[in-house]
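Structure record follows, encoded as structure tokens.
Readers should treat all values here as calculations from the given coordinates under stated rules, not as data from a laboratory. Here the structure is a predicted model, which is why all the values come from computation and not from measurement. Don't worry about glycine lacking a Cβ; one is built from the backbone with ideal geometry, like all the others, and counts go over all protein chains shown.
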Amino acid sequence: MKLRDIAHSRTGDKGDISDISLIAFEAGHYPLLERYVTADRVKALFAGIVHGEVVRYTVPSLGALNFVLYCALGGGVTRSLALDAHGKCLASALLDMDIPETAE
């Protein structure tokens, strides 16, 4: 299943760092997010875009994960030639990730 089936996402930026939150629609889906949406999988998803570290923070009380992607915005808004200098489309790209329907 796609992450968009069970979660929504928001992004933010600060310089060359993108911050992506992933929030489960229902508390029962949070364990799937926690198990299958790892920093390594997110870094692999954005290979070629993210040139630095990806750090994941868990926020179980909100049913959310937060990813900090370093060196992800082509130098930052004022330096990037990218069409999406703020990285807003990264949330949509993350929601397209496939995960299993159950936590095995």
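Okay, here's what the table says:
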{"read-out": "Within segment 40-62: backbone nitrogen closer than 16 Å to the CYS89 label point (7 Å, Cα to C-beta)", "value": "46-50"}
{"read-out": "Rg/Rh ratio calculated on Cα atoms of segment 3-65 (Kirkwood radius)", "value": "0.97"}
